[in-house]
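Everything on this sheet refers to the single structure shown next.
The values are calculated or read from the model by the stated rules, or taken from the named source; none is laboratory data. Because the structure is a prediction, the values reported are computed rather than measured. As a convention, Cβ positions derive from the backbone with ideal geometry for all residues, glycine included, and neighbour counts pool all protein chains shown. Areas reflect the complete protein model, heavy atoms only, side chains present, ligands, DNA and RNA absent. Shrake-Rupley method; radii C 1.70, N 1.55, O 1.52, S 1.80 Å.
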Amino acid sequence: MGTSYEPMSLARLATHLASADTDQTRWKLVWEFLEEYRWEPADTMVDLLRDEPGLTGDPRWDALLAALAEHLLAQADLAPPAWVDVRVLRRAWFPAELAIHRADALAWAPAAFRKHGVYLSVHDLAAA
């Protein structure tokens, strides 16, 4: 018996993030989601973002999921779903540890990420 491939949805990513035990593992999961997403046909891409992801237990990662959904839907010229509006950090989150990478994120974070308080450079998203 073979299994068929199914790309990771944003909702499934949230489940994996909630059960991951380190931020390093969480980032690997985010990069895996982005890599799978890039290879999907346009109509499937939107389907991967359709369902509201559950909460991860960490507001930073919840805001990142909202920023991802909003950013990726904007690339498809689609409006974000209503659920993204409530996942905004009160205090900015700079995932990068080095000051130079934080400066890069401050300058190059996509609008959707800045809106949600997540400062991650567009270069980091493209490199994933």
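Treating only the Cβ atoms of Lys and Arg (+1) and Asp and Glu (-1) as charged, compute the dipole magnitude of the range 1-76 about its Cα centre; round to the nearest 20 debye. Present the calculation step by step, with values, prior to reporting the outcome.
On the way: 6 positive and 14 negative charges, 26 e Å.
My answer is approximately 120 debye.
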Within-14-Å neighbourhood charge of residue 98 [Cβ basis; K, R +1; D, E -1]: -2
Ignoring solvent entirely, what values of log10 I(q)/I(0) come out of the Debye formula for the range 1-74 at 0.12, 0.20 Å⁻¹ when each Cα is a single scatterer? -0.31, -0.83
Nearest-0.05 FRET efficiency for residue 98 and residue 28, computed from C-beta distance (R0 25 Å): 0.85
Would you kindly derive the ³J(HN,Hα) couplings of the range 54-68 from the backbone phi angles with the Karplus curve 6.51 cos²θ - 1.76 cosθ + 1.60 (θ = phi - 60°), listing them in order in whole Hz, with x for Gly and Pro? x, 6, 8, x, 9, x, 5, 6, 5, 5, 4, 4, 5, 5, 4
Assigned charges on the beta-carbon of Lys, Arg, Asp, Glu; the range 35-128 dipole about Cα centre (debye): 560
If Lys and Arg each add +1 and Asp and Glu each add -1, what is the summed charge of the other residues whose beta carbon sits under 14 Å from the beta carbon of residue 35? -2
Residue-level accessible surface for residue 32, protein heavy atoms, 1.4 Å, Å²: 90
Computing the accessible area with a 1.4 Å probe over protein heavy atoms, can you report the carbon and sulfur percentage for the range 76-128? 58
In debye to the nearest 20, the charge dipole size for the range 81-128, taken about the Cα centre with +1 at each Lys and Arg Cβ and -1 at each Asp and Glu Cβ, equals 240
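Counting only protein heavy atoms, what percent of the accessible surface of the range 1-53 is carbon or sulfur at a 1.4 Å probe?
52
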Expressed per residue, the solvent accessible area of the chain in Å² (1.4 Å probe) is about 59
Sorted by chain and number, the residues with a modelled amide H under 5 Å from that of residue 93, at a separation of 5 or more or across chains, are 118, 119
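Estimate the FRET efficiency between residue 55 and residue 4 by the formula 1/(1 + (r/R0)^6), using the beta-carbon distance for r and 41 Å for R0, to the nearest 0.05.
Working: r = 29 Å, r/R0 = 0.71.
It comes to 0.90.
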Solvent-accessible area of residue 4 with every protein chain in place, 1.4 Å probe, in Å² to the nearest 10: 100
What does the charge count around residue 109 come to, taking other residues whose C-beta lies under 11 Å from its C-beta (Lys +1, Arg +1, Asp -1, Glu -1)? +1
Once Lys and Arg get +1 and Asp and Glu get -1 on their Cβ, which of 53, 108, 84 lies farthest toward the positive end of the dipole of the chain? 108
